[in-house]
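**Q** Starting off with a structure, shown below.
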Amino acid sequence: MIDSDGNRYVDFTSGFGVAFVGHRHPEVVEAVKRQADRLLHALGDLHPSDVKIQLLEKLCTRAPWPKARAMLSLSGADAVTAALKTAVMATAKTGVVAFEGSYHGLNYGPLAVSGFAKRFREPFLAQLQSDVHFAAWPSPDLGVEAALKTLPKDWSRIGAVIVEPIQGRAGVRFPPLGFLEALGQACKKNGALLIVDEILTGVGRCGAWWRSVDEGLIPDLVCAGKALGGGLPVSACIGREDVMRAWGDPDREAIHTGTFFGDPLGSAAALATIELIERDELAQRAVDRGKTFATMLRAERLPSVTGVRQAGMMLGLQLEGSMQALRVSRSLLERGYLVLPAGAEADVIQLTPPVTVNDEQLEGFVASLRASLGGR
Ligand SMILES: Cc1ncc(COP(=O)(O)O)c(C=O)c1O
């Protein structure tokens, strides 16, 4: 990245996790240019473009079920909105179970189920749906059993549970072994749909197409965004066909849609991105690169770093001391590296570099991190 003053940075955030395949990947750019010469805008649900249909078909073949349907949109929050609405259509229940620390986007539907920070919700509380039960996210201090005990006692109004396979904004918080599986079982037992928010973790970032499936969890609905469009705003809610059928006949009027959903440019970019990820086996590359990066970070025994959490190219550095991540991020910025502070206490550095990051860039980052932490 080069800023308006000409300073150069290596982007260890991938632009909030978007540029998994790298910024301005030539094949994505080429696909967008080609599409720009053909058609910029079509009539969404009524007369969709060919590329929109190809993208929907492609996404359904990458779904965790043999038969799937998908709905396209622009932002991650759009995809979560579609999933929450689908759960209402399919179960006729409006209650939702979400988790403390979760982040699903800031439009009204997703905001109501985001436990990350009260300050995001408080000004709008009166306009948010109130039928949301926040359960605890397990941590080293709170085991799986104790966290499961915070699920609702009464599920009669609960239509959906929404969960991130790894909580991102809350500080790259991994669920302990067995938690997601137990959650899946609780959903089955109580007739609630499981919505897995893979907007940050999915599409290769954590070393598999879907992190949840890699962990043995089969969702009913899955949300994708960020990396999916290779840099353009594209998101999707993908669901089991029998669940999605609740929307009724797709040839009739769509009761959930948006003028720009599934736009031709975004669809062309997403198709090129998916092809790249698969052809170049970028999910596997994320496994390998991520391992190398985590090994380098751990070997350094960096001062104030008490843990390195990692899955593919999603890493979290646990720092001693709240708000330290703000100081360290600033210092890294001055040294030419973009990172994000995370965690309710800003005590985690979130790292989601592009999968194209090379050894030299990793080494440069680790040296700058040591300097930013006050090491040698
Ligand atoms: C897990 C998760 N879900 C949803 C969102 C919201 O996506 P968007 O900002 O594109 O609406 C984000 C964004 O950071 C996210 O990390």
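**Q** Pick from 264, 303, 354: which residue has the top mean-square fluctuation in a GNM of the chain where Cα pairs under 10 Å get a spring?
**A** Greatest mean-square fluctuation among the candidates belongs to 303.
**Q** If you don't mind, there's one more thing I want to ask. Between residue 251 and residue 3, what length in nm is gained on full extension when 0.36 nm per residue of separation is reduced by their alpha carbon distance?
**A** 84.6 nm
**Q** The range 26-279: Rg/Rh from Cα coordinates, Kirkwood Rh?
**A** That ratio equals 0.97.
**Q** A further question follows. Run the helix sum for the chain: -39,500 (n - 2.57) per DSSP H stretch of 4+ residues, divided by residue count, reported at 222 nm to the nearest 500 deg cm²/dmol.
**A** Mean residue ellipticity, 222 nm, calculated: -10500 deg cm²/dmol.
**Q** Once the Cβ-Cβ distance between residue 177 and residue 37 is put in as r, and R0 is 51 Å, what FRET efficiency do you end up with, to the nearest 0.05?
**A** After rounding to 0.05, the efficiency reads 0.50.
**Q** Just the number, please: percent antiparallel of the DSSP beta bridges in the range 26-279, rounded to the nearest 5.
**A** Beta bridges within the range 26-279, antiparallel portion: roughly 45 percent.
**Q** Given the peptides 226-238, 130-142, 83-95, arrange them by the average over their residues of other C-beta atoms within 10 Å, most packed first.
**A** Sorting 226-238, 130-142, 83-95 by mean packing, highest first, produces 226-238, 83-95, 130-142.
**Q** What distance in nm lies between label points placed 7 Å from Cα along the C-beta direction at residue 153 and residue 326?
**A** Reported label-point gap for residue 153 and residue 326 is 4.0 nm.
Laboratory data are not the source of any read-out in this text; all were calculated from the coordinates shown. Bear in mind that the values here come from a model prediction, so they are computed numbers and not experimental data. Counting neighbours? That spans all protein chains shown, and the Cβs are built from the backbone with ideal geometry, glycine included.
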